[in-house]
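Heads up, the thing below is written out as structure tokens.
The values are calculated or read from the model by the stated rules, or taken from the named source; none is laboratory data. On a predicted model such as this, the values are computed, not experimentally measured, just so you know. All Cβ positions, glycine included, derive from the backbone under ideal geometry; neighbour counts span all protein chains shown. Remember, those area values only see protein heavy atoms, side chains included, never the ligands or the DNA or RNA. Shrake-Rupley method; radii C 1.70, N 1.55, O 1.52, S 1.80 Å.
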Amino acid sequence: MSGFAVIFARDLKLALRQSSDSLTVVGFFAIAAVLFPFGVGPEPGVLARIAGGVLWVTALLSALLSLERIYASDYEDGTLDQLTISGTPLALTALAKAAAHWATTSIPLIVIAPMLAPTLHLPVEGYLPLLAALALGTPTLSLIGGIGAALVLGARRGGVLVSLLILPLYVPVLIFGTAAVEAGLTGLSVQAPLLVLAGLFVLALTLAPWATAVALRQAVQ
Amino acid sequence: MDRFFAMGGYAQYVWPSYALALVAFVGILVVTRSTLKKREAEFERLKRERQDG
Amino acid sequence: MHKYANPTVFMRLANAVLPWAAGACVLLFAVAIPLALYASPADYQQGDTVRIMYIHVPAAILGEMVYGLMAAASATYLIWRHQLAALIARAAAPIGAIFTALCLITGMLWGQPMWGTFWVWDARLTSMLLLLFLYVGYLALGDAFEDQERGEKAAAVLALVGSVNIPIIIFSVEWWNTLHQGSIFKMNGEGMKVTVSPEMLAPLFTMMGAYVAFFVTILVLRMRIEILNAKIRNARITQAAAPMVATQAAQAR
């Protein structure tokens, strides 16, 4: 377990030292969400109807934006080679790195989402489901994203490529994430979509680190 | 004959579908064959160069 | 079975199959197209639009099956390091992508007269669209590396990740679709459900056979291309390793 803790702490420290990276992601999230009223008009009814979806889609794109940095710098400076031959299983390393990515990008998003929600006229009943869904869904995004980030190491146009690979895989999270918000608004059971999100998280937790490890191993060969 | 081409009034949907399928299939075939020819020629050239050297 | 894992042996077999597949393809299309367009009855509800089904349904089935083949080949490649499996996956992917695209576009052309709109976010259409995106990602990743082998491996991992995700995607899209059924679009009546009469089965099956034969033909041709690519690369590497030879060749040119 110590290997996990060491890598997690290291990535966290690196991210805090370059906190502008995380802030850029938050800034992107805020600006992208605020663009929608300009696109569809300021009518509160329309905005309230799409608020959950807008916040989810922009959160998803923000998470995507920062994926590349999970492995790119470690790949370039050779740290990744060290990590693959160190005693820590590579899947555990992948898990630690995904966890650090989640902590440094998604937690800020979850914090700022309730501040953006009023500008989109999200009804009060939607707040709690939105936060719960984001908390349960964004770890899955980081885990799946880790696979993509590992796959494009050394590729041309890695940043754009990773979105192409990963976005279709994000659709289930998006569907159940927005469904939770909508359920909150319409008085349906919020529990069902949240449970599915939890299920997706568990599935990603068990499978994604292995896939990432395979991808990393062939990247450093 | 006209009735055949009219497709019961749905000509504008049926014929483009078939035309598209035709274009797709012929397209794949032409592209694949020309690529194959190109690669074969390139490989032959490389082989000859090596023999000459 | 291991005998066929050797590319040379396999390609000998594949080259023997090629003329038969190509012949079957021509023959089956020659039978299927008149059957589909002329000799089969129009549907009592959908009229002549049902003829789109004969090119739409085989495209859908092959689009899905080719992805399955790709994923299986990728798994074989990653686990047993059979170079041949990587060849099959790489050669099959673009054909599968085109089948999927064809399925989507003919689906739209069928949807307009039947549903009154080119596109509905129907569960099957949406899943096929996402399948197309998976294909596009796979193809883009395979081509994104200087090192061919690196691209093959990365794409193989992606194909496997995609195949694990496909059931999840289909499940969530279906769930999403039933959730929004009322608010998005009311499908008229049975939607695209066709009560397939025996006269329709003949063109459908011959067309299906023609598609499969076409796929096999192109697959073998594309595998030849992939093998040639590998040979050309090797030749280049040996040339680079012997600069003497390379300079002589350059002078000779």
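Do we find a residue being within 24 Å of A:A103 (Cβ to Cβ) and open to solvent by less than 80 Å² (accessible area, probe 1.4 Å) anywhere in the stretch A:32-46? Within the stretch A:32-46, one or more residues are within 24 Å of A:A103 (Cβ to Cβ) and open to solvent by less than 80 Å² (accessible area, probe 1.4 Å). Of all the criteria given as (1) under 29 Å from A:G3 (Cα atoms); (2) without any contact (Cβ under 8 Å) to a residue 12 or more places away in the chain; (3) not basic (K, R), the one not satisfied by A:L109 is (2). Going residue by residue through the stretch A:178-189, is there one that turns out to be outside any loop (DSSP other than H, G, I, E, B), without any contact (Cβ under 8 Å) to a residue 40 or more places away in the chain and not small (G, A, S)? So far as the stretch A:178-189 goes, yes, one or more of its residues are outside any loop (DSSP other than H, G, I, E, B), without any contact (Cβ under 8 Å) to a residue 40 or more places away in the chain and not small (G, A, S). Scanning the stretch A:7-44 for residues that are in contact (Cβ under 8 Å) with a residue 24 or more places away in the chain and more than 20 Å from the chain's Cα centre (by Cα) returns A:F36, A:P37, A:P44. Tallying residues that are of a type in the set (D, E, K, R) and closer than 18 Å to A:L67 by Cβ within the stretch A:77-114 yields 1.
Of all the residues in chain B, those that are outside any helix (DSSP H, G or I) and not small (G, A, S) number 2.
Restricting the stretch A:109-138 to residues that are open to solvent by 30 Å² or more (accessible area, probe 1.4 Å) and in a loop (DSSP other than H, G, I, E, B) leaves a set whose member that is nearest to A:R17 (Cα to Cα) is A:H121. Among the residues making up the stretch B:12-21, those that are open to solvent by 30 Å² or more (accessible area, probe 1.4 Å) and either touching a helix residue (DSSP H, G or I) at 6+ places or on another chain (Cβ under 9 Å) or touching a residue at least 60 places away in the same chain (Cβ under 8 Å) (or both) are B:Q12, B:Y13, B:W15, B:P16, B:L20. Taking the stretch C:33-46 as the range and being part of a helix (DSSP H, G or I) and buried (at least 17 other Cβ atoms within 10 Å of the Cβ) as the test, the residues that pass are C:I33, C:L35, C:A36, C:L37.
Can you confirm whether C:A24 is within 12 Å of chain B (Cβ to nearest Cβ) and open to solvent by less than 60 Å² (accessible area, probe 1.4 Å)?
no
Summed over the stretch C:159-183, the residues that are under 20 Å from A:A155 (Cβ atoms) and in contact (Cβ under 8 Å) with a residue 40 or more places away in the chain give a count of 3. Selection of first residues in the stretch A:139-165 that are more than 11 Å from every other protein chain (Cβ to nearest Cβ) and of second residues that are outside any helix (DSSP H, G or I) and surrounded by fewer than 24 Cβ atoms within 10 Å (Cβ to Cβ), restricted to Cβ pairs under 9 Å at least 6 apart or on distinct chains, gives the following pairs, ordered by first then second residue: A:G145/A:S66. Does C:L221 count as assigned to a helix (DSSP H, G or I), touching a helix residue (DSSP H, G or I) at 6+ places or on another chain (Cβ under 7 Å) and modelled with pLDDT under 75? So C:L221 does not fit the description; no.
Looking across the stretch C:107-151, just one residue is touching a residue at least 40 places away in the same chain (Cβ under 8 Å), facing chain A (nearest Cβ under 9 Å) and under 30 Å from C:N234 (Cα atoms), and that is C:Y138.
Applying the set (1) in contact with a Gly (Cβ under 7 Å, 6 or more places away or on another chain); (2) crowded, with 21+ Cβ neighbours inside 10 Å to A:S106 leaves exactly one unmet item: (1). What residue, among those in the stretch C:68-119 that are open to solvent by less than 10 Å² (accessible area, probe 1.4 Å) and either farther than 29 Å from A:Q218 by Cβ or not in a helix (DSSP H, G or I) (or both), is modelled with the lowest pLDDT? So, considering only residues that are open to solvent by less than 10 Å² (accessible area, probe 1.4 Å) and either farther than 29 Å from A:Q218 by Cβ or not in a helix (DSSP H, G or I) (or both), the one modelled with the lowest pLDDT is C:G111.
Suppose we filter the stretch C:119-157 for residues that are in contact with a Phe, Trp or Tyr (Cβ under 6 Å, 6 or more places away or on another chain) and under 22 Å from A:G145 (Cα atoms); how many remain? Looking only at that region, the number is 3. Assessment of the stretch A:177-190 against the conditions (at pLDDT below 95, open to solvent by 30 Å² or more (accessible area, probe 1.4 Å) and small (G, A, S)) yields at least one matching residue.
Restricting attention to the stretch C:47-67, the residues that are among the small types (G, A, S), at the interface with chain B (Cβ under 10 Å from one of its Cβ atoms) and open to solvent by less than 10 Å² (accessible area, probe 1.4 Å) add up to 1. Selection of helices (runs of 4 or more DSSP H) fully inside the stretch A:1-107 by the criterion of at least 2 residues being of a type outside the set (V, I, T) and within 25 Å of A:P193 (Cα to Cα) returns A:19-40, A:44-65, A:90-101.
Residues in the stretch C:160-184 that are more than 10 Å from chain A (Cβ to nearest Cβ), modelled with pLDDT under 70 and open to solvent by less than 70 Å² (accessible area, probe 1.4 Å): C:G182 only.
Could you please find all residues in the stretch B:22-40 being basic (K, R) and either touching a residue at least 12 places away in the same chain (Cβ under 8 Å) or crowded, with 16+ Cβ neighbours inside 10 Å (or both)?
Passing the criteria: only B:R39.
Figure legend. Inter-residue proximity from the stretch C:33-46: first residues at the interface with another protein chain (Cβ under 8 Å from one of its Cβ atoms), second residues of a type in the set (A, V, I, L, M, F, W, C), beta-carbon distance below 7 Å, spacing 6+ or different chains. Indicated pairs: C:Y38/B:F4; C:A42/C:V50.
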